Amino acid sequence: MAKNLKLYIGSTAVTCQVNASLNMSAATFETTCKDSGANAEFFPGTKSWTMSGEALFRYDATQGFEDFWDAWESQTALTAVFQTGVTGDLKFSGSTYITSLNADSSGNDEAVRYQFELQGTGALAKATV
Amino acid sequence: MKVKYLKQHTDQYNFTFQAGWTAEHDEPTGNKLIADGICERVADTVRPTRHPSPAVAPLEACIVPDVPVSVGPSEKGPTRGKFPPDK
């Protein structure tokens, strides 16, 4: 599954991915009062989510660094999908903005890589491919 | 599923693919593109690229036309056909 679970931007998988991540969190606020006894209590607040990934740098990638750069430069929202692409599998998707884009060319005999982080805006939807 | 575009196509996300490009899509998207004649399926080992794959040169392209080789009277070079009779 690791090889198939990828980040897609729109309908297209990011070319030559190395890593892909989906991160979700929820803020909480404390509701402890004198009636709580010895235990602190919390209530869920706003939820947030991000997606991030890393891929090998190629100028001719169908969905690559240049596309991320264009979206970063124009501050365009991207639809990001975390999925295997296999019919029947679950997928998680939503609208995102690029918050980080890095390219790394280390040493002389290593593949050039780039990393990106996407901040989700609005709901993260669960559906079936 | 990886596909090769047979013609230019702009998807619902306003991303335009040119003919010859290869891309990876989820199965429902890929199957629809193939059914609509926009793409053809390619191997999963193909790396998606914006460059059309180069056409394979036919075997005959490297064959040199059969041209007779002429040599000077003092040279014994390769000849085609019959040797002239010894005088």
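The values are calculated or read from the model by the stated rules, or taken from the named source; none is laboratory data. Everything numeric here is computed off the predicted structure, so don't read it as measured data. Note that we place each Cβ from the backbone using ideal geometry, even for glycine, and neighbour counts take in every protein chain shown. Just so you know, the surface numbers come from the protein's heavy atoms only, side chains and all, with ligands and any DNA or RNA stripped out. Shrake-Rupley method; radii C 1.70, N 1.55, O 1.52, S 1.80 Å.
Any residue at all in region A:117-124 that's hydroxyl-bearing (Ser, Thr, Tyr) and either without any contact (Cβ under 8 Å) to a residue 24 or more places away in the chain or within 16 Å of A:MET24 (Cα to Cα) (or both)?
Filtering region A:117-124 for residues hydroxyl-bearing (Ser, Thr, Tyr) gives A:121.
Now narrow it down to the ones that are either without any contact (Cβ under 8 Å) to a residue 24 or more places away in the chain or within 16 Å of A:MET24 (Cα to Cα) (or both): A:121.
Within region A:117-124 (the criterion being hydroxyl-bearing (Ser, Thr, Tyr) and either without any contact (Cβ under 8 Å) to a residue 24 or more places away in the chain or within 16 Å of A:MET24 (Cα to Cα) (or both)), the answer is yes, since at least one residue qualifies.
Restricting attention to region A:12-26 and to residues that are assigned to a loop (DSSP other than H, G, I, E, B) and either modelled with pLDDT under 95 or hydrophobic (A, V, I, L, M, F, W, C) (or both), the residue that is surrounded by the most Cβ atoms within 10 Å (Cβ to Cβ) turns out to be A:VAL14.
In region A:96-112, how many are more than 14 Å from the chain's Cα centre (by Cα) and surrounded by 12 or more Cβ atoms within 10 Å (Cβ to Cβ)? Write out each step before concluding.
Looking only at region A:96-112, we keep the residues that are more than 14 Å from the chain's Cα centre (by Cα), and these are A:102-112.
Checking the rest, the ones that are also surrounded by 12 or more Cβ atoms within 10 Å (Cβ to Cβ) come to A:103-104, A:111-112.
Qualifying residue count, region A:96-112: 4.
Quick one: is A:GLN115 within 14 Å of chain B (Cβ to nearest Cβ), within 26 Å of B:ASN14 (Cβ to Cβ) and surrounded by 12 or more Cβ atoms within 10 Å (Cβ to Cβ)?
Numbers: within 14 Å of chain B (Cβ to nearest Cβ): no; within 26 Å of B:ASN14 (Cβ to Cβ): yes; surrounded by 12 or more Cβ atoms within 10 Å (Cβ to Cβ): yes.
No, not satisfied.
Every listed requirement among (1) open to solvent by 70 Å² or more (accessible area, probe 1.4 Å); (2) on the phi < 0 side of the Ramachandran plot is met by A:LEU78 save one, (1). When each of A:SER36, A:SER52 is tested for being open to solvent by less than 60 Å² (accessible area, probe 1.4 Å) and within 30 Å of B:THR22 (Cβ to Cβ), the lone residue that passes is A:SER52.
If you go through region A:31-58 and pick out every residue that is part of a loop (DSSP other than H, G, I, E, B) and more than 23 Å from A:ALA80 (Cβ to Cβ), you end up with 8.
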